[in-house]
Structures are given as structure tokens and as C-alpha cells.
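What follows is a single structure, written as C-alpha cells, with notes after it.
The values are calculated or read from the model by the stated rules, or taken from the named source; none is laboratory data. Not measured: the values here are computed from a predicted model. With ideal geometry, Cβ positions are generated from the backbone for all residues, glycine too; neighbour counts draw on all protein chains shown.
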Amino acid sequence: MNNRPSPFLSKTKYLDGLKCPKLLWYEYNRRDELPEIDAATQAVMDQGKAVGELAQTLFPGGIAVQREFIPEKQSEKSLDAIKHRKPLFEAGFVYKQAYALADILNPSEKNAWDLIEVKSSTSVKDEYYSDVAFQKYTYEGAGLKIRKCYLMYVNNQYVRKGKIEPKKLLATEDITKQCDELIPEIEQSMADMLGVIRKADEPRVKIGPHCEAPYPCPLEAICWKFLPQDNNVFCLYSGKKKAYELMEQGILSICDIKEDIKLSDKQQIQLLCHKNGVPHIDKKGIEGFLSTLEYPLYFLDFETINPAIPFYDNSRPFEVIPFQYSLFIIKNKDTKPEHHSYIAPGDKDPRAEILKQLKALLGNSGSIIAYNATFEKTTLRHASEAYVEYQSWVAELEERIVDLLIPFRQFLYYHPKQAGSASLKNVLPVMTHSNYSAMEIADGGMASIEYARVTFGEDVDEKERQRVYSALEKYCDLDTKGMIEILEALHDIISK
């Protein structure tokens, strides 16, 4: 038996423990083996911090309790701060082995406090109840009287008009009842978790849907390493449930799936491709798709941002805002592609300029080709809602947009190296000699993060800004060039 003193369970660790005891054990016993926080996760955390700071402005005169790394010291400071009966930010309290920091504690009637947890999501999610219940348990145990528990979140119906209005941007919901129902379970849950932490060996936990809910687990690289790197059953198209069933039967590779196991038509195509190592080609289907294209051909790709706190007037929280486009035009089959591109400087709403430029470039006829075109359609439609003079034009434009994803989503072409994905990142390398491996910015998420960082962040010099803009240009260009190369490859297939 491990005789180490019991550690504190923070709110985050408690939630990890509810998700998976193995994750909790690693947090305390093999912390160095967990992956570092990636850029996408950090961006979400930074966004949450910005929303939290905005929420604090709704409580004038509030006291920010300076953070201490030792829970007992933080609790001492916070217990001293509550004597002032003013709103408190980041007050932390200890009770038994529980430790939690409060986003906002607001003094209420009869020497009580209201607990306000701030989230950058647009709704109240089930996992938030356990989050706030743990806080209430800890604070009341430390001697505070908690009158109400509230969840403050982003109102995605808010439309910015001038200066941000926190009272309208942030919505509040009373979740006291849901939290009170969970509090009786906390003592036993904590005891179980503390027992897990003290064990010398990691708990054995089967992988399953809980690995992805309510958030992806950082232990994936450790827990899932027994799966074959290529051709594993989780590559089955729309087959997550089937993959778990196969895994329970000891079948880990697509190539080991027996003929008597029921699969969808697309999964059957995958099975044959992975077993034979050759692509599936439906020439007639591809020819039918290609026959729908009309010159001139326009290859269009957007890069976008979707901030929780809107940057521009006439935009909502998390609304997709284009900041960049790349456009190649092929006027007829005998002409070379003509390139046009734009990256917004960020000092004003980019949507008007992008709509203006595209209207001048896209003409009145010809196919506008995008990959996963729903995204481009939605981006244009939302932009035209802010600039209504373009609405009728965008509506007409949508009729001309063709989705290059279709041949791959419909399995008119499938290569086993796609690993079940029809994304551009997976299709391009198997059909052409191009790929994203050497790109500094290699996906849309990173493009959004980097643009926001150098355009709206503090202390970014012009040299760094231009370096990132250059990388953005190369990435967006490859997306559009890649579509041209894929289209050429499809033409080559049907000509053989």
C-alpha cells in the first residue's frame, strides 16, 4: 500500500476522474508522459480566459485574488478576501482533499454568496453540473454559504453593434437544483479517486466511447497504441459503433473482418480495397460527376476565424468570418490557371472587401469548385447577411457551386491509404504528388489561430506578422491548387 499523503483533488482532476480513472492516475503518477497542450487546446483555453475576463466587468468593484500555487495559501488569502463582501474573482478554497477556484463569487443576501461559473460555450452542458457541484461542495465545506449556482455562457444570438455589451453577450442560467442533486455523490467519488491515485500500478480501463466524451482524452496515444497504425477497424466509414463491436470480438484490422460480418456498401468497398491494396474506381460515376462541370472553372477556398467575442460589428459569437481567400480561374481546357488571393489586414471587417472582390472575379457563369462546399456556401451566406446588398448575388452564386468532395464521399473513388477519410488532406496525397507535410501551417484550425494571434494579439512585430501571412498564403494556395490536381487526376482515371 502506498503511504504517500493524500493529494488535493482540484476541480479539473475531479472531472478527469469522473471521465476515466486511468487518466486521473496518470495525472498524479506519470504526469511527464502526458502530451503537452497543443495549439488548438491552448487557443480554446485562451478564449475561455477572455470570456471570463469579460464576465468580470459585470461585477464592478470586484477583487481578483492573487494566485498561489499552494492550495492552503490560496484558501487563506480567499478566506481573508471574503470579509470585504465584494465580488471575488479566482478565489480558491480547500475542504478535506478538495480544492477549487471560483470564476466569480458574488455576495448575496444574509451573508451568503452566489457562485458563477463562466464558460465560453453557447449552452449549458451536462458535464458542467459536476463541475459546479464540486465547487459548491468545496466552498460550503470551507465555511461559505452558497445561495445559488449559476452558469454564465455565450449568447450566440447576440449581434455586435459598436462596443461589446457584456450583459447581452453573456447569458446566465440557474443550475442550483442540478448541482445539489450531485453533491451527495462527491464524498464517495473522491474517496474512490484518492484510492486510484495511491495505487502503485495504473488502473486497467477498456477503451470505449468515453475516451472521446465529454472531451478527447490526452491518453489516446497510450491507450490506443495496440491498434494497427494502418487499416485498423476505426477507419471504417461512419463505423465507430461497428468498430467497437469488432474490437470486442478481437478484430482490430479491417483486413481481418470476415465475410459473414454485416457491413454497409461503402464499408464493403473499404474491406475489398484494404485486403487487395488497390483503389476502388467507379469510372461511370466519376464521368457523371465531371460532366456537371462548366467552364470557366473557379477553384475557391476560404480561411476563417470564429471568435467567441465578435471582432466586428454585425457579427455573432462564433460566427465564421472569412479573412482570406484563394481563387484559381481556368477559363477553358486550353488555358493555364489564373490566381487571385487576399488576406485581410484585420483593421476592419474583411467581409465587405472579400464579397466585393469575389463578385468582380466570379463572373456570371461557370462552375465554382470547393472542397466540402457547404463551408464555403455558409461562409458566403453569413457574410451577405451582414452586407445585404450582396444577398441576391450570393443566392445566385450558390447554384453554381460544385462540391469536389462528392466523388470521394460517395466512394466513386477510394484508396486504402485514405484510411476511411474523404478529407482533402487524405485524398490529395493518394491522387497526386502533393501533400501538406512540409507546410508551416497545414490545417484550417492552425490557420485561424495564427491569423488571430498576429493580427489581434499584443506585441507582434511586423516581421512576424508578414512571416505568418506568407505561410497562410502558401497553405490556402495549396488547398486550391490541390483541387485542380485532384480534378486532373479524375480526368486521367476516366481517360484510361
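Observations on the structure shown:
Per-residue answers, yes or no, for (1) more than 23 Å from the chain's Cα centre (by Cα); (2) free of Cβ contacts under 8 Å to residues at least 60 places away in the same chain; (3) closer than 23 Å to V233 by Cα:
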site	(1), (2), (3)
A395	yes, yes, no
Q410	yes, no, yes
Y413	yes, no, yes
G420	no, no, yes
H433	yes, yes, no
I441	no, yes, no
R453	no, yes, no
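- Count - residues of the range 92-114 that are under 13 Å from K11 (Cβ atoms) and either in contact with a Ser or Thr (Cβ under 9 Å, 6 or more places away or on another chain) or surrounded by fewer than 18 Cβ atoms within 10 Å (Cβ to Cβ) (or both): 10
- Being assigned to a loop (DSSP other than H, G, I, E, B), surrounded by 13 or more Cβ atoms within 10 Å (Cβ to Cβ) and over 30 Å from the mean Cα position of the chain (by Cα) is a description that does not apply to L194.
One line per residue, one yes/no per condition, for (1) in contact with an Asp or Glu (Cβ under 9 Å, 6 or more places away or on another chain); (2) of a type in the set (A, V, I, L, M):
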position: S437; (1), (2): no, no
position: G445; (1), (2): no, no
position: Y451; (1), (2): yes, no
position: E458; (1), (2): no, no
position: K463; (1), (2): no, no
position: Q466; (1), (2): no, no
position: C476; (1), (2): yes, no
position: D479; (1), (2): yes, no
position: I486; (1), (2): no, yes
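- Residue in the range 274-294 that is in contact with a helix residue (DSSP H, G or I) (Cβ under 9 Å, 6 or more places away or on another chain), closer than 30 Å to M45 by Cα and loosely packed, with under 15 Cβ neighbours inside 10 Å present: no
- Every residue from the range 226-240 that is surrounded by fewer than 17 Cβ atoms within 10 Å (Cβ to Cβ) and in a loop (DSSP other than H, G, I, E, B): F226, P228, Q229, D230, S238
Results for (1) assigned by TED's automatic domain parsing to the domain that holds F375; (2) over 29 Å from K283 (Cα atoms); (3) surrounded by 15 or more Cβ atoms within 10 Å (Cβ to Cβ); (4) not β-branched (V, I, T), shown as yes or no for each residue.
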site: V402; (1), (2), (3), (4): yes, no, yes, no
site: Q418; (1), (2), (3), (4): yes, no, yes, yes
site: P429; (1), (2), (3), (4): yes, no, yes, yes
site: Y436; (1), (2), (3), (4): yes, no, yes, yes
site: D461; (1), (2), (3), (4): yes, yes, no, yes
site: R467; (1), (2), (3), (4): yes, yes, no, yes
site: C476; (1), (2), (3), (4): yes, yes, yes, yes
site: G482; (1), (2), (3), (4): yes, no, yes, yes
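- Only listed residue being among the polar types (S, T, N, Q), surrounded by 15 or more Cβ atoms within 10 Å (Cβ to Cβ) and without any contact (Cβ under 8 Å) to a residue 24 or more places away in the chain, chosen from S10, S78: S78
- Residues that are in the same structural domain as D16 (by TED's automatic domain parsing) and in contact (Cβ under 8 Å) with a residue 60 or more places away in the chain are absent from the range 172-184.
- Some residue of the range 354-369 being under 24 Å from the mean Cα position of the chain (by Cα) and touching a residue at least 12 places away in the same chain (Cβ under 8 Å): no
- Unmet criterion (only one of (1) at pLDDT below 95; (2) closer than 25 Å to I186 by Cα) for D114: (1)
- For S437, the test of being of a type outside the set (A, V, I, L, M, F, W, C), free of Cβ contacts under 8 Å to residues at least 12 places away in the same chain and closer than 20 Å to H339 by Cβ is failed.
- Taken over the range 1-19, the criterion of being modelled with pLDDT of 95 or more and of a type in the set (A, V, I, L, M, F, W, C) is satisfied by L9, L15, L18.
- Of the helices (runs of 4 or more DSSP H) lying entirely inside the range 405-488, the ones with 1 or more residues being within 18 Å of L290 (Cβ to Cβ) and in contact with a Leu (Cβ under 9 Å, 6 or more places away or on another chain) are found at 406-409, 424-431.
- Selection count where residues are in contact (Cβ under 8 Å) with a residue 60 or more places away in the chain and of a type in the set (F, W, Y), scope the range 235-259: 1
- Residue count for the range 147-191, restricted to those that are touching a Cys at 6+ places or on another chain (Cβ under 9 Å) and in a strand (DSSP E or B): 2
- Given (1) farther than 24 Å from D126 by Cα; (2) part of a loop (DSSP other than H, G, I, E, B), number of the condition P214 does not satisfy: (1)
- Selection status of K275, assigned to a helix (DSSP H, G or I) and without any contact (Cβ under 8 Å) to a residue 12 or more places away in the chain: no
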